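Chemist: Please read through the structure below; I'll follow up with questions.
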Amino acid sequence: MNKLTQKFLAVSLLALAGCEGEANSGRLVGFIIDGQTGQRLNFFKAADKKNNLGDDGDSQSQVYAVIDGEFRRAEPCGRGDLNDKNSIEADGCFQIKDIPEGQSFPIFAQAPGYERFVAEYTYSMLDVDVEHAQTVGNIRLFPKGFSVDYRFNVSFNNQPVPNAQVICQYTATGTNTLQVSGNFLTPVNTGTTTIAATSDADGVAVIPGAQLVNGANYRCEAVMSQSLDGRTLSGQGTFTAGVTQADQRMALTTASSTDDLLYALRSNADDNNKLMGANGKLVITFNRAVEIVPGTADCQIATESVADTDGDGRIGRLIATVRNNPPATYSNASESVSADISTDGLTLTLGFKTEAGFEFDPDDRSTYVSFSGIFVRPRGVADNTQVRYIGSAAGCPGVAGYSTSAIQNLRVSTTQIDYIQLF
C-alpha cells in the first residue's frame, strides 16, 4: 500500500465515519484482509445497504476490543453515510470508536475457518491537531493450517556456507504494534519461541512455517560456530511470517562494528513503567547464544532503591556484596545476584537476593533494583573484543585487558536498561 493510497484511505474513512465521539478520544479504522489471498473479508451483513446496517451480533465473525475493562464490538464503517448514489465500497471496513487518548487495549478478530487474531495497541494521536482523530490499522486473518516454510540461502562472497546456524526470533515493538508500512496491526506472539536451523551442504537452512505465527515479524541471525581467518562472520534479515516471500538470501559479512556482533533483541524491562513484583527479574533475549565471561561472577552486584512509603518501619534490603571473596568459601559467586542462562544460550535471567527477614514490602512504592557488573560474550568465542556488560564495567578484574562495551537493545535502539521496578 503506497503513501498516496494510505492518505486516501485515511481521508475516505474519516468521511465515512463522521464526527461522533468525545474530545480527547478517537477511533481505529481498517479493513479485514485474507492473509493468503489479499481479499477483503466482510464481517457485516448488508441487509440495509442504504444505511449500512444489518450488523449481525450473533455472527461468529467478529472484531472486538477490551477498553476500560469492557468488551466493545467493532462497527461497520460509514453507518448512515453509504447509499446507492455515492457508490463508496467499504465492505469489510470496521471501526472502534471513542478510544481514550493513551489507552492501551487488546484487539481480537475471529472468523470460521481462520486463525484467531490477537494484537495490542496503544491509541496515541497527541501529535495530531484533530479533535476527533483516527488511525488506520488493518487486520490480516490467515486460513487455519496455512503456513509458509522459509528457505534461507546462506552465503559468503557469493559461495554457499554449510553448517551455519540461522536463529529466528519473534520481534515485538516497544510501543504500538502497528506497522508503518502497509498499516497492518501485528499479532501478539504468546510463545516467543526461538526457531533455529542449520544450513546444509548447499547453504540452505529451512525455518518451518508451522512453528511461526502468521503475520508476526521475525528477525533472523546467521552465525558461524567458528571464525574465518580470525574474523567473525554474521548475517541478519527480517521477514513477516506468511506474507514475505519464502526464499530469502542471507549473506554473511564481517561485522562493521563490534555492536553488530552481540546485542539484545528485547527485554521485559523495555517498558520501564512495568511493575515486576516481589520476585521480579530482568529477562534479556540476545541475538545469539551467550555465556557469562569466566571469572566475572564476583563482579555481579544488585543494589536497591527503596523508601518506607507506607510508614510501617519495614524496608527490604539485599544481601551485602563482598568483593574478592575467598573462592574456597564463595566459589567466585555473587552474594546479591542470580544470573541464569537458558539452555539455548539466548536468554539471560537476572534475579536478586534479599536478606532473610528483609524482603521488599509491596506497599513501599517506587522500589527499584539495579544490576551491574554483568559480563557476557558469544558462547564459545574467546575474542576479547566481544565482551558486553550490563550496568557498569568498572572495577572488575575478570575483564582486565578486554575491550568491553555496554550491550545495546534492538527494540528500544539504546543501551539495555539495567534496572527493574518492583512496586
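Chemist: As an exercise: evaluate Phe358 against (1) open to solvent by less than 60 Å² (accessible area, probe 1.4 Å); (2) of a type in the set (Phe, Trp, Tyr); (3) within 30 Å of Asp312 (Cα to Cα) and give the number of the one condition it does not meet.
Modeler: Here Phe358 meets the rest and fails (1).
Chemist: Moving on. Is it the case that Asp363 is among the charged types (D, E, K, R), in a strand (DSSP E or B) and open to solvent by 70 Å² or more (accessible area, probe 1.4 Å)? Outline the logic, then answer.
Modeler: Values: among the charged types (D, E, K, R): yes; in a strand (DSSP E or B): no; open to solvent by 70 Å² or more (accessible area, probe 1.4 Å): yes.
So Asp363 does not fit the description; no.
Chemist: Another question, if that's okay. Modelled with pLDDT under 85 and touching a His at 6+ places or on another chain (Cβ under 8 Å): is that true of Gly26 in this structure? Outline the logic, then answer.
Modeler: Values: modelled with pLDDT under 85: yes; touching a His at 6+ places or on another chain (Cβ under 8 Å): yes.
Considered against the rule, which asks whether it is modelled with pLDDT under 85 and touching a His at 6+ places or on another chain (Cβ under 8 Å), Gly26 comes out as yes.
Chemist: Find the residue count for segment 130-161, including only residues that are in a strand (DSSP E or B), buried (at least 20 other Cβ atoms within 10 Å of the Cβ) and in contact with a Ser or Thr (Cβ under 8 Å, 6 or more places away or on another chain).
Modeler: Summing the residues that are in a strand (DSSP E or B), buried (at least 20 other Cβ atoms within 10 Å of the Cβ) and in contact with a Ser or Thr (Cβ under 8 Å, 6 or more places away or on another chain) in segment 130-161 gives 3.
Chemist: Also, I was wondering about something else. Restricting attention to segment 371-423, which residues are of a type in the set (Ser, Thr, Tyr), open to solvent by 60 Å² or more (accessible area, probe 1.4 Å), on the phi < 0 side of the Ramachandran plot and not in a strand (DSSP E or B)?
Modeler: Quick first cut of segment 371-423, residues of a type in the set (Ser, Thr, Tyr) only: 372, 385, 389, 392, 402-405, 413-415, 419.
If we keep only those that are open to solvent by 60 Å² or more (accessible area, probe 1.4 Å) as well, we get 402-403, 413-415, 419.
Adding the requirement that they be on the phi < 0 side of the Ramachandran plot leaves 402-403, 414-415, 419.
Result: Tyr402, Ser403.
Chemist: So in segment 83-100, with the set limited to residues that are among the aliphatic types (A, V, I, L, M) and modelled with pLDDT of 75 or more, which one is surrounded by the fewest Cβ atoms within 10 Å (Cβ to Cβ)? Before the answer, list the steps.
Modeler: To start, the set of residues in segment 83-100 that are among the aliphatic types (A, V, I, L, M) comprises 88, 90, 96, 99.
This time we only want the ones that are modelled with pLDDT of 75 or more, so: 96, 99.
Numbers: Ile96: 24, Ile99: 26.
The extreme case among them is Ile96.
Chemist: I'd like the full set of residues that are open to solvent by less than 40 Å² (accessible area, probe 1.4 Å), within 29 Å of Ala400 (Cα to Cα) and modelled with pLDDT of 85 or more, limited to segment 270-295.
Modeler: From segment 270-295, those open to solvent by less than 40 Å² (accessible area, probe 1.4 Å) are 270, 276-277, 280, 282, 284-290, 293; that's our starting set.
Right, trim to within 29 Å of Ala400 (Cα to Cα) and you get 282, 284-290, 293.
Selection gives Leu282, Ile284, Thr285, Phe286, Ala289, Val290, Val293.
Chemist: May I ask you to list pairs of residues, at least six apart or on different chains, whose Cβ atoms are under 7 Å apart, with the first in segment 295-312 being in contact (Cβ under 8 Å) with a residue 12 or more places away in the chain and on the phi < 0 side of the Ramachandran plot and the second being open to solvent by 40 Å² or more (accessible area, probe 1.4 Å) and among the β-branched types (Val, Ile, Thr)?
Modeler: Ile301/Thr321; Val306/Ile315; Asp308/Ile315
Chemist: With the condition kept exactly as written, say whether any residue in segment 113-125 is open to solvent by 70 Å² or more (accessible area, probe 1.4 Å) and modelled with pLDDT of 70 or more. Full working, then the answer.
Modeler: Here is the first cut: in segment 113-125, the ones open to solvent by 70 Å² or more (accessible area, probe 1.4 Å) are 116, 120.
Now restrict to residues that are modelled with pLDDT of 70 or more: 116, 120.
Checking segment 113-125: at least one residue is open to solvent by 70 Å² or more (accessible area, probe 1.4 Å) and modelled with pLDDT of 70 or more.
Chemist: Return the residues of segment 206-239 that are modelled with pLDDT of 90 or more, part of a strand (DSSP E or B) and open to solvent by 70 Å² or more (accessible area, probe 1.4 Å); say none if nothing qualifies.
Modeler: Thr238
Chemist: Ok, one more. Quick one: would you say Asp344 is in contact with an Asp or Glu (Cβ under 8 Å, 6 or more places away or on another chain), part of a loop (DSSP other than H, G, I, E, B) and open to solvent by 70 Å² or more (accessible area, probe 1.4 Å)? It would help to see each step written out before you state the result.
Modeler: Values: in contact with an Asp or Glu (Cβ under 8 Å, 6 or more places away or on another chain): no; part of a loop (DSSP other than H, G, I, E, B): yes; open to solvent by 70 Å² or more (accessible area, probe 1.4 Å): yes.
It is false that Asp344 is in contact with an Asp or Glu (Cβ under 8 Å, 6 or more places away or on another chain), part of a loop (DSSP other than H, G, I, E, B) and open to solvent by 70 Å² or more (accessible area, probe 1.4 Å).
The values are calculated or read from the model by the stated rules, or taken from the named source; none is laboratory data. Nothing here was measured: the structure is a model prediction, and the numbers come from that model. In this analysis, Cβ positions are derived from the backbone assuming ideal geometry, glycine residues included, and neighbour counts consider all displayed protein chains. In case anyone asks, the SASA skips ligands and DNA or RNA and just uses the protein heavy atoms, side chains included. Shrake-Rupley method; radii C 1.70, N 1.55, O 1.52, S 1.80 Å.
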